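A quick write-up on the structure given underneath.
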Amino acid sequence: MALTVFTYLILFLVGLFTSTPQEPQGLRDGDIIFQQSQSSTAQAIQIATHSRYSHMGMIFLMEEDTLVFEAGNKVTLTPFREFVNRGAEGHYVIKRLKNTAALDDPMSKATMKATLKLYEGREYDIFFEWTDDRLYCSELIWKMYKKSTGLDIGELRNLGDFDLTHPLVKQKLNEYFGEDIPMEEKVISPESIFQSPLLELVEERN
């Protein structure tokens, strides 16, 4: 009996430490997932935007797989579990457009998928420039929604509007721009999209 109990204990511990995050039920194309990525740049973004979240992506259901369209090293489709496992402590929040009809429209669906193909493979934009040549995570999601629905999901701000006083933020700005920081550059932050009144909470883990 002792051996049986011990065996069950080992199996339980193995399962505990090797388990993968379960996908929420009822996800839809266009749902937005937010997480806290783990890097010094991510920390600087959190500080400057006064937000828990520094990274985000858009969910797509393709051939029975749940994928996250994100701007990481490149703009790419990432398996849901892989995306979640990269975040701090596996925490994430998923939000959805309240007016789901805006995404159910056939033209909107077609435009969103065409925009995905257009942006896929582009490089990550470390300079946060408001062009389509390179894209950062929140810019990708904002433009996906703008092009497919015409909606502004989050308020655009200038880079200089954020809190740039923390030493880590100053260090990162100096690494990227030197003395020529583009304070007037148009920027969309994960926090701005997270707080958009056009979105509602679907799922939160941890």
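Return a yes/no flag: does the stretch 115-123 have any residue that is under 18 Å from the mean Cα position of the chain (by Cα), closer than 23 Å to Gln46 by Cα and part of a strand (DSSP E or B). Yes, the conditions are met somewhere in the stretch 115-123. Restricted to the stretch 130-157, and to residues there that are among the hydrophobic types (A, V, I, L, M, F, W, C) and assigned to a loop (DSSP other than H, G, I, E, B), the residue that is nearest to Val68 (Cα to Cα) is Ile153.
Checking the condition surrounded by fewer than 14 Cβ atoms within 10 Å (Cβ to Cβ), within 18 Å of the chain's Cα centre (by Cα) and closer than 17 Å to Ala71 by Cβ, which residue from Phe194, Phe127 passes? Steps first, please.
On the way: Phe194 fails: surrounded by fewer than 14 Cβ atoms within 10 Å (Cβ to Cβ).
Every option except Phe127 fails the conditions.
Looking for whichever is modelled with pLDDT of 95 or more, surrounded by fewer than 18 Cβ atoms within 10 Å (Cβ to Cβ), charged (D, E, K, R) and touching a Pro at 6+ places or on another chain (Cβ under 9 Å) here; the options are Lys117, Lys146, Lys98. Which one fits?
Step by step, each of Lys117, Lys146, Lys98 is checked, and only Lys98 is modelled with pLDDT of 95 or more, surrounded by fewer than 18 Cβ atoms within 10 Å (Cβ to Cβ), charged (D, E, K, R) and touching a Pro at 6+ places or on another chain (Cβ under 9 Å).
Please enumerate the residues belonging to the stretch 184-195 that are free of Cβ contacts under 8 Å to residues at least 60 places away in the same chain and either out of contact with any strand residue (DSSP E or B) (no Cβ under 8 Å at 6 or more places or on another chain) or assigned to a loop (DSSP other than H, G, I, E, B) (or both).
Within the stretch 184-195, the subset free of Cβ contacts under 8 Å to residues at least 60 places away in the same chain is 184-188, 195.
Glu184, Glu185, Ile188, Gln195, listed by residue number.
Taken over the stretch 158-191, residues that are farther than 13 Å from Ala44 by Cβ, out of contact with any Gly (no Cβ under 9 Å at 6 or more places or on another chain) and buried (at least 18 other Cβ atoms within 10 Å of the Cβ) amount to 1. Residues in the stretch 158-183 that are closer than 18 Å to Ser138 by Cβ, part of a loop (DSSP other than H, G, I, E, B) and out of contact with any Asp or Glu (no Cβ under 9 Å at 6 or more places or on another chain): Phe162, Asp163, Leu164. Screening the stretch 84-103 for residues that are in a helix (DSSP H, G or I), within 21 Å of Glu200 (Cβ to Cβ) and touching a residue at least 40 places away in the same chain (Cβ under 8 Å) and picking the one that is nearest to the chain's Cα centre (by Cα) gives Val84. Taking first residues from the stretch 53-81 that are at pLDDT below 95 and partners that are assigned to a strand (DSSP E or B) and not charged (D, E, K, R), the Cβ contacts under 7 Å between residues at least 6 apart in sequence or on separate chains come to Asp65/Pro79; Gly72/Tyr124; Asn73/Tyr124.
Can we say Pro106 is free of Cβ contacts under 8 Å to residues at least 24 places away in the same chain, touching a Leu at 6+ places or on another chain (Cβ under 7 Å) and surrounded by fewer than 20 Cβ atoms within 10 Å (Cβ to Cβ)? Lay out the reasoning, then the answer.
Details: free of Cβ contacts under 8 Å to residues at least 24 places away in the same chain: yes; touching a Leu at 6+ places or on another chain (Cβ under 7 Å): no; surrounded by fewer than 20 Cβ atoms within 10 Å (Cβ to Cβ): yes.
It is false that Pro106 is free of Cβ contacts under 8 Å to residues at least 24 places away in the same chain, touching a Leu at 6+ places or on another chain (Cβ under 7 Å) and surrounded by fewer than 20 Cβ atoms within 10 Å (Cβ to Cβ).
The values are calculated or read from the model by the stated rules, or taken from the named source; none is laboratory data. Keep in mind it's a predicted model, so treat the numbers as computed, not measured. Ideal geometry is used to build each Cβ from the backbone, glycine not excepted, and the neighbour counts take in all protein chains shown.
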